[in-house]
1. If the requirement is being part of a helix (DSSP H, G or I) and either in contact with a strand residue (DSSP E or B) (Cβ under 6 Å, 6 or more places away or on another chain) or free of Cβ contacts under 8 Å to residues at least 24 places away in the same chain (or both), which of these qualifies: 61, 40?
2. Going through segment 51-68 one residue at a time, which ones are surrounded by fewer than 12 Cβ atoms within 10 Å (Cβ to Cβ) and closer than 21 Å to residue 8 by Cα?
3. Consider residue 45 against the criteria (1) part of a loop (DSSP other than H, G, I, E, B); (2) in contact with a strand residue (DSSP E or B) (Cβ under 6 Å, 6 or more places away or on another chain): it satisfies all of them except one. Which criterion is unmet?
4. Within segment 90-103, identify whether any single residue is in contact with a strand residue (DSSP E or B) (Cβ under 9 Å, 6 or more places away or on another chain) and at pLDDT 90 or above, and answer yes or no.
5. Considering only residues that are out of contact with any helix residue (DSSP H, G or I) (no Cβ under 8 Å at 6 or more places or on another chain) and surrounded by 14 or more Cβ atoms within 10 Å (Cβ to Cβ), which ones fall in segment 28-46?
6. From the list 81, 108, which one is surrounded by 11 or more Cβ atoms within 10 Å (Cβ to Cβ) and either more than 15 Å from residue 30 (Cβ to Cβ) or modelled with pLDDT of 90 or more (or both)?
7. Which one is farthest from residue 68 (Cα to Cα) among residues in segment 1-37 that are touching a strand residue (DSSP E or B) at 6+ places or on another chain (Cβ under 7 Å) and in a loop (DSSP other than H, G, I, E, B)?
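The values are calculated or read from the model by the stated rules, or taken from the named source; none is laboratory data. In this text the structure is predicted, and so the values were computed from the model without any measurement. Positions of Cβ are generated from backbone atoms using ideal geometry, with glycine treated the same way; all protein chains shown enter the neighbour counts.
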């Protein structure tokens, strides 16, 4: 699974804030997120008028663990304090993660299966 989050600046950063300050805050956030069991590798990129983070969580439950983590809350709070917000948050599944859902849907609607 991939989690792709786009962060856009919607407010003015505190006076005297440099781009390096934002980049360090995002790096610190990624480091904090990686410490949560199941979060996998989290990296960041500079996007079109945004910063984009890409994580590799094991499952959706990891997102809940991230939200409950005081360390993650503090790290994300620093990014928010610099004027950024989450503009888009996407979860992408690979085939093995999607198949249990697909098989359950096919079992519930056998008319969808063609021989």
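1. 61
2. Of everything in segment 51-68, just one residue is surrounded by fewer than 12 Cβ atoms within 10 Å (Cβ to Cβ) and closer than 21 Å to residue 8 by Cα, namely 67.
3. Result: residue 45 fails condition (1) only.
4. Checked against the condition, which is being in contact with a strand residue (DSSP E or B) (Cβ under 9 Å, 6 or more places away or on another chain) and at pLDDT 90 or above, segment 90-103 yields at least one hit.
5. 30, 34
6. Matching residue, one of 81, 108: 81.
7. 10
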